[in-house]
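First up is the structure itself, then whatever we jot down about it.
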Amino acid sequence: MYQTLVTHLENGIFTITINRPDKLNALNQQVMSDLDNVMDEVYRNDEIKSVIITGAGPKAFVAGADISEFSGASVEEGKALAKRGQDIFFKIERSPKPVVACVNGFALGGGCELAMSCHFRLAAENAKFGQPEVNLGLIPGYGGTQRLVQLIGKGRALELLMSAGMIDANIALQLGLVNYVVPQDELIKKAIAILELINTKAPIAVAKCIESANAVFDETRDGFTVEVNAFGDCFATADMKEGTSAFLEKRKAIFKGN
Ligand code: COA
């Protein structure tokens, strides 16, 4: 169904593997188009409760946008490339279902940006993060200048952006860029354990956590107002009635997603 992605759905957890290992899973336009389409599937398919994004092979999550597609592009084409990349990554960030990046090696340039557009990140011990675009006379164009500042703070982000520096998994952990560092063969297992827990929670409430947290960084919205409305909207759900009743009746809640 997708030329450059392998997908697998099991127990509500949808794993998307970017599958160009010979090019370290670099994001060419085909990968970007496949990511765009696969996110439509995530939004649409009720059987998908949560998502893992990872890269094929032991070496790379994604080593960046495909540099071979950049040469000869005009200013207007450059802007269009960045806008399209940003729109696709917004689709990931705004997904109502949790999306976790399992970073299994290099996450450079567009790969770091892809990981940062996910709701949180897990790293294998061999993971390396960086935005090396200044080496190419470029800057990140898929949201990297914004999300890196959001996630690790302006000073640390600017040092990485301006120096094209690379950080390893443990530094990424210290900076809050990733939530966990685990051996590579435990990476997917760890993500599945976290998502299995999240998948037992009320899906509409989970979606509203994502929407409210995203509003912190959205200048067009007041996050506290978003939270008030989201909190209120939960009162219209059967799952809120189930959750509160189950607590009072001292039993486990069974959520249906409505
Ligand atoms: N775009 C296109 N091709 C890429 C790529 C990218 N971002 N990153 C890696 N590749 C390709 C290489 O060209 C090579 O292809 P080839 O075998 O046909 O020559 C293949 O993937 C393997 O990469 P290679 O460089 O041989 O692996 P390495 O282990 O020596 O180095 C990296 C790994 C990640 C350090 C190195 O590939 C690199 O610096 N990549 C570019 C990172 C970057 O600048 N990303 C930001 C892009 S905006």
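Please treat every number below as a calculation from the coordinates, not as lab data. Since this is a predicted model, take the numbers as computed values, not measurements. Cβ coordinates were reconstructed from backbone atoms using ideal geometry, including for glycine residues, and neighbour counts include every protein chain displayed.
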Those residues of region 13-54 which are touching a strand residue (DSSP E or B) at 6+ places or on another chain (Cβ under 6 Å) and of a type in the set (Ser, Thr, Tyr) amount to 15, 17, 50, 54
Would you check which residues across region 33-82 are within 16 Å of the ligand (Cβ to nearest atom), basic (Lys, Arg) and over 30 Å from residue 125 (Cα atoms) and list them?
79
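Okay, residues lined up against (1) more than 30 Å from residue 128 (Cα to Cα); (2) buried (at least 17 other Cβ atoms within 10 Å of the Cβ); (3) touching a residue at least 12 places away in the same chain (Cβ under 8 Å); (4) among the basic types (Lys, Arg):
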{"position": "166", "(1), (2), (3), (4)": "no, no, yes, no"}
{"position": "176", "(1), (2), (3), (4)": "no, no, yes, no"}
{"position": "224", "(1), (2), (3), (4)": "yes, no, no, no"}
{"position": "252", "(1), (2), (3), (4)": "yes, no, no, yes"}
So which helices (runs of 4 or more DSSP H) stay within region 180-234 end to end and still have 3 or more residues that are under 20 Å from residue 50 (Cα atoms)?
187-198, 203-215
Of 202, 191, the only residue that is touching a helix residue (DSSP H, G or I) at 6+ places or on another chain (Cβ under 9 Å), touching a residue at least 12 places away in the same chain (Cβ under 8 Å) and buried (at least 16 other Cβ atoms within 10 Å of the Cβ) is 202
Between a first residue in region 86-113 that is on the phi > 0 side of the Ramachandran plot and crowded, with 24+ Cβ neighbours inside 10 Å and a second residue that is charged (D, E, K, R) and assigned to a loop (DSSP other than H, G, I, E, B), which pairs have beta carbons less than 9 Å apart while being 6 or more apart in sequence or on different chains?
105/59
Out of everything in region 125-141 that is in a loop (DSSP other than H, G, I, E, B) and touching a strand residue (DSSP E or B) at 6+ places or on another chain (Cβ under 7 Å), what residue ends up being farthest from the ligand (Cβ to nearest atom)?
125
